[in-house]
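Below is one structure, written out as C-alpha cells, with a few remarks after it.
The values are calculated or read from the model by the stated rules, or taken from the named source; none is laboratory data. In this text, all values refer to a predicted model and were calculated from it rather than measured experimentally. Don't worry about glycine lacking a Cβ; one is built from the backbone with ideal geometry, like all the others, and counts go over all protein chains shown. Remember, those area values only see protein heavy atoms, side chains included, never the ligands or the DNA or RNA. Shrake-Rupley method; radii C 1.70, N 1.55, O 1.52, S 1.80 Å.
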Amino acid sequence: MMDLASMLQNAMGSSFPMVQTVNNHAVPLHFETYGGTVHDGRIQDVGFGATAAMEAHVQLAEDFRSPEVMRAALIALGAHDHLPGQRGKARREALKALQVSPICPEAHNVLALCSDSLEEALEQYSKAEELGPQVCPPERLQEELKNGDLWLRLWARPYLRGLFGVGNTLRKLGRYEEALPKYERLCQLSSRMHATGPFITWFAHLPELWLRVHGPQGCLTRMFRAKKVQVTCIEYTSSQVCWLYGMALAQFASGQVREYRPAVTSRGPNDEGVVWEQAWGGSAAIMAVDMAPTAAEYLLGELPMPSNPLPRYLGPCRSHAQGALYAHMCGDQWRSTPGALDFLRRIRNTQQVATAVFKHVHDGETLDENWVLSRIEDGIFPNAAVTPAAYFGGTILTSICALSSTGLPGLEQMQARLVRAVLRQGVDPKQRGPIGLTALCQAAYYAAGPEVVRLLLEAGFDPLEEVAQPGSPLEDRFQNPLSMTANQGNARELDAILTHSPQLCSRLAKGFRPASSRVVKAPVLELLLYSTLESSCLSCVAGGVPCQRCEQGDGKHSPHCSFHACVEVLVKHGLRSSQQMREHFKALLGFALPQNRRYIRDVIERFEAASRAAQAGGGSGSSRSAGGAAQAAQGSSACAAARAAPSSSGGGPAGQATYTKRCTECGTVKGKLLRCSGCKQLWYCSRECQLANWPAHKAACRAVQHPAKQAAA
C-alpha cells in the first residue's frame with residue numbers, strides 16, 4: 001500500500017515538504033530557557049519531527065486562492081526543515097516564499113520562529129493570523145468554518161499556527177487578558193484535540209489562563225464546560241501536567257479541596273474518562289503528584305530550576321523536561337496562593353509514603369526507611385484514607401502497622417520509628433478504615449510488636465473499641481484490638497496491652513461464652529481466653545487445617561505467634577481456671593472440628609497447668625510471670641516444633657481438662673522428661689530448660705515445698 005508521503009509526492013510531482021513541528025506546547029524560540037542557573041543533564045532536546053503519516057489530508061490546488069499562493073506555501077513549509085539549527089537558511093526560504101506570493105502566513109510563522117525577541121515574534125505571528133483566512137477562496141473558508149474542526153484542513157494550519165503564536169507570545173509577555181481571546185478563537189475553529197504530531201496543543205495553556213483571568217472558581221467552571229476536550233486534555237501526555245496541576249490549584253484556591261481526598265471512580269482503570277472523573281472528584285492533586293512528581297519537586301524548590309534552553313520535544317509526564325516547564329510557566333501562581341505549596345507538599349508526601357508501603361507489602365519492594373521518615377516528617381495528612389493502602393483502604397498509620405505481615409526480620413524497630421513519626425503529625429485515635437479497623441487493630445492482628453502497641457495506647461487508641469459498628473450483626477461479639485491479639489496468638493502484643501492498661505483485667509465486657517447462646521457480661525480475661533481457644537489459627541500454627549488468614553493470603557503469622565503463651569499471659573494477669581470455665585471448654589470442644597480438638601485441648605491443658613502453678617504460688621499469676629510468658633512468646637525453634645506436635649492426650653472425664661506430660665519450658669512431649677525434684681509437679685526435657693524456667697517457677701515451687709513458711713512470709 002502506498003503511504004501518504006508517496007501519495008503526496010505523486011500528487012505534487014516533487015518531494016512534498018513537511019512541517020517539522022514541535023510537540024512542546026510552549027513552542028519555544030531559540031533564546032528561551034527555563035530561567036534557572038544550573039544546567040540539568042537530564043533535560044535533553046530529543047525527539048522527532050512530524051512525518052507524512054502525521055498529516056491527515058493531501059493539499060489540493062482548489063484549496064488555494066491561486067497557484068502562486070500554493071507554491072509559496074510549499075516553499076515556506078520546506079523552510080521548517082532548516083529549523084532550529086539553520087535559522088539563516090530558514091529565514092531566506094521564508095522570504096523567498098513571500099516573493100512568490102505575499103499571501104503566505106506560513107512564511108511569517110517561520111520568520112517568527114527565527115526571531116530574536118518575543119516582540120519581533122509577536123509581529124510576525126500577527127501577520128500570519130491576518131493572512132491566514134486569505135489563503136483559500138472566500139466561499140471555501142465559510143464552508144470550512146461551519147465544520148468546527150479546521151485543523152483537519154492542511155491549508156488552514158498556517159492560519160491556526162499564527163493565531164496560536166499570537167496568543168502564546170502574549171501569554172509569555174504576561175498579557176493574559178489579551179491572550180485568552182486568541183485561545184478561545186482557536187477552540188471555536190478547531191474544538192477537538194488531535195493525537196497527530198503536528199498538532200499544536202493550545203489546550204494545555206487554558207487552565208493557566210483561566211486561573212489568571214477568571215480566578216479559581218471561573219477556571220473550574222470552564223473546565224467543566226469544556227465537554228469536548230476535558231477528557232482528552234487530562235489524559236494526553238502533551239497537556240496532562242498542565243490540566244492536573246491547574247485543576248489541583250483551582251480546587252485548593254476555591255476552597256473545594258483542602259485535604260487528601262482519595263480517588264473514587266465508577267469506571268474501570270483503563271476506561272476512557274477515568275482520569276477526569278477521579279480528578280474532578282477532588283483527587284486532582286493526588287493524580288498530579290502521582291503522574292508528574294518532578295513538577296512538584298520543582299514547584300517546592302527541591303530541584304533547582306535548570307538553565308537549559310527550552311526543548312522542542314517533551315518526554316513523558318514524569319520527565320524533568322515536563323516538570324520544569326510547568327514550574328517555569330505556572331510556579332508564580334502556586335507561590336502567590338497562600339497555603340498552596342504546603343498543601344501540595346503534604347499531598348505529595350502522603351501519596352508517596354502510601355505507595356511505598358503498599359509496594360513493600362504487596363510487591364516485596366524494599367522500603368527505604370530514611371526516605372519514608374523524611375517524607376513523614378516533612379508533613380503528611382495523617383488521618384486520610386489513602387490510595388493505595390496496604391490493607392482495606394486505611395490510613396498511612398494502619399498501613400505501617402500492617403508491615404509485619406510481610407514476615408521479614410527486623411521490621412519491628414523500623415515500624416516503631418515510623419509509627420512514632422506519624423503520631424507526631426497529629427493522628428486521630430478514633431479514625432477508622434472502611435471496615436472499621438483502627439491502627440491498633442492492625443498492630444494487634446499483624447503483630448507489630450509491643451513497642452508499637454505501647455505507642456498507640458499512649459496516643460489514645462482504645463484496646464476495647466469494638467470493630468463492629470452499631471447495628472451490625474456482629475455488634476455483640478467481643479471483637480476489638482485486644483481480642484485480636486488473643487485470637488491471632490500474638491502473646492507479646494496481648495501482654496503489652498494488659499500491662500499498659502491493668503484496669504482491663506478487672507473489667508467486664510459483652511460477649512458470648514461457648515456454652516451460652518445469649519450475650520452476657522463476663523470478665524475481659526475470660527472472654528480473651530475463649531477468643532484464644534476459638535481461633536482457627538490455633539490449629540493452623542500447630543500444623544492442622546489452614547486458617548482463613550492463610551488461605552486468603554492475608555499476611556503470614558508472626559514468628560512469635562504462640563497460643564500457649566497467650567493463655568500464660570492471661571494467667572499472669574490474674575485469670576484462673578474454674579469449674580464454670582471447664583463446662584465452657586467442654587462445649588467449645590463439642591463445637592470444634594474433630595481434627596482440631598486435640599490442638600484446642602492442648603492449649604487448655606497449658607492453661608490449666610499455668611493456673612494450677614499460679615494458685616500454688618498464691619500470687620496473681622506469678623507462676624510464670626513476665627519472664628515465663630515472654631520466653632514462651634519468643635518463638636524459639638524448640639517452641640515452634642513443640643507447637644507443631646499434636647497433643648498425646650485423649651481427653652479426660654466429661655467437663656474436666658486432662659494434663660499431658662510435657663516440658664514446662666519448651667512444651668515438647670518427646671524424649672525422657674524429668675520431674676522437678678522440689679514440687680514434683682512440673683516436668684522438663686533437659687537441665688537447660690529447667691534453669692531457663694526457674695525464675696518463673698521458683699516462687700510456686702517453694703510454696704508447694706514449704707506452704708506454712710511461705711504463708712507466714
task: Test L538 against the criterion of being open to solvent by less than 10 Å² (accessible area, probe 1.4 Å), closer than 18 Å to L575 by Cα and either in contact with a helix residue (DSSP H, G or I) (Cβ under 8 Å, 6 or more places away or on another chain) or modelled with pLDDT under 90 (or both), and give yes or no.
output: no
- prompt: Across segment 283-315, which residue is nearest to Q230 (Cα to Cα) among those that are of a type in the set (A, V, I, L, M) and assigned to a loop (DSSP other than H, G, I, E, B)?
  reply: A292
- prompt: Do we have any residue at all in segment 245-252 that's among the small types (G, A, S), open to solvent by 30 Å² or more (accessible area, probe 1.4 Å) and part of a helix (DSSP H, G or I)?
  reply: no
query: Quick one: in segment 37-70, which of the residues that are closer than 29 Å to Q99 by Cβ and β-branched (V, I, T) is modelled with the lowest pLDDT?
result: T51
statement: For W371, the lone unmet condition from (1) closer than 13 Å to L418 by Cα; (2) in a helix (DSSP H, G or I); (3) in contact (Cβ under 8 Å) with a residue 24 or more places away in the chain is (3)
query: Given the conditions (1) open to solvent by 20 Å² or more (accessible area, probe 1.4 Å); (2) of a type outside the set (A, V, I, L, M, F, W, C); (3) part of a helix (DSSP H, G or I), and given that P546 satisfies all but one, which numbered condition is not satisfied?
result: (3)
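Restricting the search to segment 309-343, which residues are of a type in the set (S, T, N, Q) and surrounded by fewer than 18 Cβ atoms within 10 Å (Cβ to Cβ)? Write out each step before concluding.
Step one: of segment 309-343, the residues of a type in the set (S, T, N, Q) are 319, 322, 333, 336-337.
Result: S336, T337.
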- prompt: Since N147 meets every condition but one in (1) over 22 Å from T232 (Cα atoms); (2) not in a helix (DSSP H, G or I), which condition does it not meet?
  reply: (1)
- request: With respect to G255, determine if the residue is small (G, A, S), at pLDDT below 95 and open to solvent by 40 Å² or more (accessible area, probe 1.4 Å).
  value: no
task: Tell me which of these R161 doesn't satisfy, since it passes every other one: (1) within 28 Å of V69 (Cβ to Cβ); (2) surrounded by fewer than 23 Cβ atoms within 10 Å (Cβ to Cβ).
output: (2)
- request: Take segment 110-146 and flag every residue that is at pLDDT below 85 and either under 17 Å from L74 (Cα atoms) or surrounded by 14 or more Cβ atoms within 10 Å (Cβ to Cβ) (or both).
  value: P137, R140, L141, E144
- prompt: Applying the selection to segment 267-282, what residues are at pLDDT 90 or above, within 11 Å of I234 (Cα to Cα) and either small (G, A, S) or outside any helix (DSSP H, G or I) (or both)?
  reply: A279
- prompt: For the subset of segment 513-522 comprising residues that are touching a Lys or Arg at 6+ places or on another chain (Cβ under 8 Å) and either of a type in the set (V, I, T) or modelled with pLDDT under 80 (or both), which member is nearest to F585 (Cα to Cα)?
  reply: A515
- prompt: Of the residues R157, R185, which is farther than 18 Å from A73 by Cα and in a helix (DSSP H, G or I)?
  reply: R185
field: Number of the exception - V571 against (1) assigned to a loop (DSSP other than H, G, I, E, B); (2) open to solvent by less than 10 Å² (accessible area, probe 1.4 Å); (3) of a type in the set (V, I, T)
entry: (1)
- prompt: Pairs, please: C-beta under 6 Å, at least 6 apart or cross-chain, first residue in contact (Cβ under 8 Å) with a residue 12 or more places away in the chain and in segment 307-323, second in a loop (DSSP other than H, G, I, E, B) and of a type in the set (S, T, Y)?
  reply: S307/T37; N308/Y34
- prompt: Does at least one position in segment 194-201 carry a residue that is open to solvent by less than 20 Å² (accessible area, probe 1.4 Å), more than 20 Å from L314 (Cβ to Cβ) and in contact (Cβ under 8 Å) with a residue 12 or more places away in the chain?
  reply: no
Test result for A447, among the small types (G, A, S), part of a loop (DSSP other than H, G, I, E, B), at pLDDT below 95 and within 23 Å of S558 (Cα to Cα): yes
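Would you mind stating whether S531 is in a helix (DSSP H, G or I) and open to solvent by less than 10 Å² (accessible area, probe 1.4 Å)? First the steps, then the outcome.
Details: in a helix (DSSP H, G or I): yes; open to solvent by less than 10 Å² (accessible area, probe 1.4 Å): no.
For S531, the condition - in a helix (DSSP H, G or I) and open to solvent by less than 10 Å² (accessible area, probe 1.4 Å) - is not met.
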